[in-house]
Every structure is written in structure tokens, then in C-alpha cells.
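The values are calculated or read from the model by the stated rules, or taken from the named source; none is laboratory data. No experiment lies behind these values; they were computed from the predicted model shown. All Cβ positions, even for glycine, are placed from backbone atoms using ideal geometry, and neighbour counts span all protein chains on display. Just so you know, the surface numbers come from the protein's heavy atoms only, side chains and all, with ligands and any DNA or RNA stripped out. Shrake-Rupley method; radii C 1.70, N 1.55, O 1.52, S 1.80 Å.
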Amino acid sequence: MSAHAETNVRPEPDPELGAIADFVLRTDVGTAETFATARYCLMDSLGCALLALRYPACLRHLGPIVPGTTVPHGARVPGTPYQLDPVKAAFDIGCTIRWLDYNDTWLAAEWGHPSDNLGAILAVADYRSRLAVAAGEPPFTVHDVLVAASQAHEVQGVLALENSFNRVGLDHVVLVKVASTAVATRLLGGTRQHIIDAVSQAWVDGQSLRTYRHAPNAGPRKSWAAGDATSRAVRLALLTTHGEPGLASPLSAPTWGFEAVSFRGQKLRLPRPFGSYVMDNILFKVAYPAEFHAQTAAECGVQLHPQVRDRLDQVDRIIVTTQEPAIRIISKTGPLHNPADRDHCIQYIVAVALLCGDVSADAYEDQSAADPRIDRLRAKMEVVEDPRYSREYLEADKRSIANAVQVFFTDGSATNKVAVEYPLGHRRRRAEGIPLLVEKFRTNLATRFTGAKRDAIALLFLDAAKLDSTPVPALMDLLAADWGTEGAINSR
């Protein structure tokens, strides 16, 4: 006969929880460069959200759970007529920002898209501001959103530096949920203890598997997974600020904690203090809506397009030289079943670039994918790793995302080997990339708004002082649109 009893001495909270809470409670984050980058991040993310509204597969996820529901003081969903509770608004905003795989990116041991957190930040800031105005109190301004965005970028990105969730089969949206929970709790008026408690709940949630990002199961869920994470974050923040207690050791608890159960016994690492490192070094997708490891491959293909377009029937083989993460994430052979499958295939992206001299969001739709030349080119591709590309991908002073493409023809001739090591959206190419990012925003605005309203939005985002001081509800009202009314383009 044996007996066993667990020791029920509650420990101090895991130190990572306190570090996140202490950082999120600060408002002195970043430099002038940090906030300039954060403005471009907000601008670009909203543009991506507006562009996504052209696609019915995205639209079907939007709106109240129960049709016709109205929410007094609810949060707006940009580009739509919806005003929703903050949990569903976070889902809708996060879903649209992420839908086309066109928003900003962070690459390290873990990958991800820190602007996904804007789903939670905008929903909560708008909701809380509308409540404040109704009570005669001041609303949040866009500057408050930029502070929260910089904090969420930092929490997600620093946790991604040396913690590889993908290697244990977990999706990076776990970090979206953790970062969004922290900043949402603070925006809801939570204390340090509230933030610790809410973040503990985010860690003990069952975390999403990466199954929906990889062959043979890649599909649309990868486009709404971040929206799902932000909405869960807002729900946890609301529960906690309404009195739900947290857990002391969600990460480190023997047998039952995250590290033991989901991280194969590894210790979660915080390799550097929280600051503004991530926002300062964020990667923008300037030119191509494609998984970021293929951004420079698309650039290579576009450069080679003039040499290949008239010799397609003479192509013998195509060598794509890349980094190890690209091979692990987006190198695929065989049928591609949907747009989400295609935008996570480096062979497909290179084929489209070689054929068309561009890669657009429409390139992944069924009509474009029906072009038999794409699969013929895919079948002739060999994807190989360059160890230097893999090494410099992780080096803190480089963080390159390199690719090279060379096309060989049946007569024995070949194109030059075109290599691009830093994509347009990299910090090393900011001067070149920012004007194109602004143009991207203008183009995306034109898919949803016309005339004076389109121009007013564009001018606001180019006036830093005016944008910073704009109340969040005013911004969200400006971005709202009725389906098909004057001032908005009906894409339904």
C-alpha cells in the first residue's frame, strides 16, 4: 500500500510573468525612431486589413456571432460597418490584418507577425475609449496604441529570439496570445497583479498546433489563427480584470507546467531585457504578399523575369538557394489545394515571379493557380540550403533572409545567379522601403475607399503629430465603411 500527496505550497510567480508585467506597465518605451516605425506598422497593418476585404473567404469570418447583434460602445472593425464586442472585434481585426500574409514579420528561433497583436490593441482601445467618452472621461489616443504596439512587438519578439515553439510542433500564435493578453489587460486598467494573472492564463491554455501551416494540411486556418489568439487574449484580460485569479507557476510547475507538458522540458528563455529592439528591427512586407522566408526569392524571380519569360519552354532546371527555415516551412512538392497552401510554397512563389514579373495576392487564387505553366516550373525546381544563409539568418547584427535563384536552359546556357540577402522590408533597406510602404498603403486604401475619405485617411497617416493625438474612436470611425455606400468600394 502506498500513499502520495502533492505539496501545496504556492510559489512566487514565475519570473517571466513579472518581467512582462513590469515592462507593459512602462510608458517610456522606445525612441523617436521606434515610434516612427510603429506608425508605419499601424498604417501598413490597417492597409493589409482593408485589402483582405476583397476576398470572400475572409469576409465570411467577420461580423457578430449572432447576426443583427448591436453592441453599445462596441469596437469598430476597419473597412466594415461592424461595431462589435471587444472579443469578437479583436478576432475580426486580427483576422483581416493577417489574412493575406502581408503584414510585418519577425524571424528568429521562432517566427511570427507582431502586428497581429493590433487586433487586441485596437479593439480594446476603441471599446475602452467609447466607454470613457460616455462617462465624460478622455479616450485613448493613437499614441497610446503605438505604445501598446511597441510593447506587444517586444514581448512577442524577445520571446521568439531563443525559444523555438515550432520545433515542438506549436504555432507561433502562442506568443500573440501572451503579448496581447499583457497589453490588453493594461489597457483595461489592470494592475501588475492582473497582468501577471492574465498572462498566466494565456500560458496554461492549450496551444495551437502548427498542423495548419504545413503539408499536407496547410489551409485557411493559418489566416485566422492570429485573430483567434487576439480574441482569446481579450477574453482572458476581461476575465482577469473582473476578478478571475491566475496561477503562480504556469511555466515551471513540475509535471503540469507549460515547460514540462508542451516544451519538452526546456526552460523558457528571456535572452535580453525588454526595450524597443523588435519594433526598431521589424521586417515589413513591402512588395509581395508571401511568407517572409520567400520575400527575397520573389525579388530574385522578378529580376530574372525578363530573361526567362520568352524561354519558358527551354527551362531545364531551376536552383533555389535558401536558408534552413525556408526549407522546413515552405518547400513543397505535389498538389497545392488552396491560396493558403500556395502562399506558403517557395516553389510556387518563385514560379509566379518568373512568369509574371510580380507576385500579388490574386496570384494565389484558384483562377491564377490554374495556369499549367506554374506547376511545370515548380517541377523543375531544386531547393538547396546555403549554410551561410542559415547562419546569418540568426546573427543579431545581420538577421538576413537570403535567397538566390538561377535558371538553367536545355541548350546548356543559364541566367546569372541572382541573390538577394536582405528584403525590402529589412531595417538595412528602410530608406528604400518606406516610400514603397506608403505607396502600398495608398493602393490598399483605394480597394476600400474613394475620393475625399481615402485622401483624408492617407493625409492623417502622413502627419505624425496629428495622428498621435487623434482619439482612437475618431480613427476607427474614419476607417469604418458601409457595404457599398458612397465613399467605400463594395467588394462583397
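From its DSSP helices (H runs of at least four residues, each -39,500 (n - 2.57)), the chain gives a residue-normalised ellipticity at 222 nm of -14500 deg cm²/dmol. Each of His426, Leu437, Thr410 was scored by the projection of its Cα onto the charge dipole of the chain, and the greatest displacement toward the positive side belongs to Thr410; charges sit on the C-beta of Lys, Arg, Asp and Glu. As a calculated quantity, the FRET efficiency between Gln193 and Leu131 at R0 = 25 Å, using C-beta atoms, amounts to about 0.65. Using R₀ = 25 Å, calculate the FRET efficiency as 1/(1 + (r/R₀)^6) where r is the Cβ-Cβ separation of Lys398 and Glu244; round to 0.05. Efficiency, rounded to the nearest 0.05: 0.05. At a probe radius of 1.4 angstrom, the accessible area of the chain per residue rounds to 39 square angstrom. With a sphere of radius 10 Å drawn around the Cβ of Ala248, what net charge do the other residues whose Cβ falls strictly inside it have (Lys, Arg +1; Asp, Glu -1)? Counting the neighbours of Ala248, the net charge comes to -2.
Hand me the trypsin sites (Lys or Arg not before Pro) from region 1-65 located in a DSSP loop with no more than 16 other Cβ atoms within 10 Å, in residue order please.
Answer by residue number: Arg26, Arg60.
Label separation (Leu462 vs Arg60): 3.9 nm, computed from points 7 Å beyond Cα along the C-beta direction. Placing R0 at 22 angstrom, the Cβ-Cβ distance between Val384 and His305 gives a FRET efficiency of 0.50 after rounding to 0.05.
Across region 211-266, C-alpha contacts under 8 Å between residues 6 or more apart give a mean separation that, scaled by the residue count, equals a relative contact order of 13 percent.
Residues whose amide H lies under 5 Å from that of Phe449, counting only those 5 or more places away or on a different chain, are Ile489; hydrogens are built 1.01 Å from N in the peptide plane.
Listed values for region 27-35 are Karplus-derived 3J(HN,Hα) couplings in whole Hz (6.51 cos²θ - 1.76 cosθ + 1.60, θ = phi - 60°), namely 10, 9, 9, x, 10, 4, 5, 4, 6, and x replaces Gly and Pro. Pair-distance distribution of region 202-343: all C-alpha pairs, bin width 5 Å, starting at 0; shares per bin in whole percent are 2, 7, 10, 12, 17, 17, 12, 8, 6, 4, 3, 2, 1, 0.
Between the residues Tyr40, Gly157, Pro81, the greatest Cα displacement towards the positive end of the dipole of region 26-169, with unit charges on the Cβ of Lys, Arg, Asp and Glu, is found for Pro81. A simple spin-label model places pseudo-atoms 7 Å from Cα toward Cβ; at Asp22 and Leu478 they are separated by 3.8 nm. If only the Cβ of Lys and Arg carry +1 and only the Cβ of Asp and Glu carry -1, the dipole of the chain around its Cα centre is close to 340 debye.
Within region 231-319, the trypsin sites (Lys or Arg not before Pro) that combine a DSSP coil assignment with at most 13 other C-beta atoms in a 10 angstrom radius are Arg264, Lys267, Arg269, Arg309.
Between the C-alpha center of region 1-54 and that of region 279-350 there is a gap of 31 Å. Are there trypsin sites (Lys or Arg not before Pro) in region 354-456 that DSSP marks as loop and that have at most 16 other Cβ atoms within 10 Å, and which are they? Within region 354-456, the qualifying trypsin sites (Lys or Arg not before Pro) (loop, at most 16 other Cβ atoms within 10 Å) are Lys380, Lys398, Lys417. Counted over the chain, the DSSP beta bridges are approximately 80% antiparallel.
Considering only protein heavy atoms and a probe of 1.4 Å, how much of the accessible area of the chain is carbon and sulfur, as a whole percent? Looking at the chain in its full context, I get 53 percent from C and S.
Amide H contacts under 5 Å for Glu385: Thr322, restricted to partners 5 or more places along the chain or on a different chain, H placed in the peptide plane at 1.01 Å from N.
Its relative contact order, with pairs defined as Cα atoms under 8 Å and 6+ residues apart, puts region 1-156 at 24 percent. With the simple model of a label 7 Å out from the Cα in the direction of the Cβ, Gln266 to Arg373 spans 4.3 nm.
In units of the rule-of-thumb radius 2.2 N^0.38 Å, the chain shows an alpha carbon radius of gyration of 0.98.
For the pair Leu209 and Arg391 in one chain, pulling the backbone fully straight at 0.36 nm per residue adds 62.9 nm over the alpha carbon distance.
Based on C-alpha pairs under 8 angstrom that are at least 6 apart in sequence, the chain has a relative contact order of 20 percent. Can you flag which of Lys222/Lys332; Lys267/Lys398; Lys285/Lys466; Lys285/Lys398; Lys88/Lys285; Lys88/Lys453 are past 21 Å Cα-Cα? Distance filter (> 21 Å) returns Lys267/Lys398; Lys285/Lys466; Lys88/Lys285; Lys88/Lys453.
In this structure, the amide hydrogen of Leu209, modeled 1.01 Å from its nitrogen in the peptide plane, lies closer than 5 angstrom to those of Asp171, counting only residues at least 5 positions away or on a different chain.
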